[in-house]
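For reference, the structure is listed below as structure tokens.
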Amino acid sequence: MDVLKKIGIMGGTFDPIHYGHLVTAEAAYYEYGLDRIYFIPSGQPPHKKGRHVTSAEDRLLMTHLATAANPHFYTSDLEIKRQGYTYTVDTIRQLHQMMPETEIYFITGADAFSEILTWKDPVTLLNSCDMVAATRPGYTRSRVIDQVEEIMGNNADRLHFLEVPALAISSSDIRQRVHDKKPIRYLLPESVENYIYKHQLYR
Ligand code: ATP
Ligand code: MG
């Protein structure tokens, strides 16, 4: 394959991956003319120390199941293979080293984006890639955005807002639903749903 011009990165715990993640990634693929989207499940997520996180192996496999059918979706074990906590800034740096000629679009939901200044080394992160914040239609700018634009300075045009319709779906809600024996059908791919039941996750 030729050198990739632009890729999208969707990081997350993916515990489990759901249609909110997939719809957002597909919208970014289309909107910014990306060649591929890489889904990168986190190893030990630093901000989720408090609760039990499903094994990396289960989260990786569910991500593979969810992305397999889309020809421009890929799943990477880059963060899971790394020891200790994983940080986005390190992942982006590593990707730049692996593909120096490729532009990187880092995709987040507005909820994650609004916490970005608490992540490791946000100034480096914000100046190392394009940032896509997925928002709900009608979303109002938060104060974080002014701070982020200040940090990005001349690069502020590399901050993008993308309206997606599926933002109400969350992994925590899906886990709670499984626990409560409520349906999760149509919130995530059937293959992932079957995996959850077969492996008795979230009970
Ligand atoms: P949890 O409820 O456990 O926090 P989550 O649904 O937020 O899980 P994560 O794996 O934490 O999923 O999120 C990975 C990335 O996907 C984050 O950038 C988050 O903002 C984004 N995201 C999560 N849900 C949606 C959604 N419904 N639409 C768009 N983006 C989403
Ligand atoms: Mg979340």
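Computed from point charges on the beta carbon alone (+1 for Lys and Arg, -1 for Asp and Glu), the dipole magnitude for segment 1-90 about its Cα centre is near 260 Debye.
Projecting the Cα atoms of S171, Q97, M152 onto the charge dipole of segment 63-198, computed from C-beta unit charges around the Cα centre, puts S171 farthest toward the positive end. Evaluated with a Cβ-only charge set (Lys, Arg +1; Asp, Glu -1), segment 106-145 carries a dipole of roughly 160 debye about its Cα centre, given to the nearest 20.
If packing is taken as the mean number of other Cβ atoms within 10 Å per residue, what is the order of 123-135, 78-90, 151-163, highest first?
Put in order of decreasing packing, that is 123-135, 78-90, 151-163.
Taken about its Cα centre, the chain carries a charge dipole of about 840 debye when Lys and Arg each add +1 at the Cβ and Asp and Glu each add -1 at the Cβ.
Of the peptides 31-40, 7-16, 57-66, the ranking by mean beta-carbon count within 10 Å, highest at the top, reads 7-16, 57-66, 31-40. In the chain, the calculated helix contribution to ellipticity at 222 nm averages -10500 deg cm²/dmol per residue, counting -39,500 (n - 2.57) for every DSSP H run with n ≥ 4.
Shape class for segment 34-168, computed from the alpha carbon gyration tensor (a ≥ b ≥ c): rounded, with a/c under 1.5. Take the cross-link list K5/K198; K81/K198; K120/K182; K5/K182; K81/K182 and give me the ones stretching past 32 Å between alpha-carbons. Violating the 32 Å limit, Cα to Cα: K5/K198; K120/K182; K5/K182; K81/K182.
Straight-line cross-link reach from K6 at under 15 Å between alpha-carbon atoms covers these aspartates and glutamates, not counting any fewer than eight positions away in the same chain: E26, E31, D35, E101, E103, D130.
Only the coordinates and a few stated rules stand behind these numbers; no lab work does. Since this is a predicted model, take the numbers as computed values, not measurements. Here the Cβ is made from the backbone with ideal geometry for all residues, glycine too, and neighbour counts use every protein chain on show.
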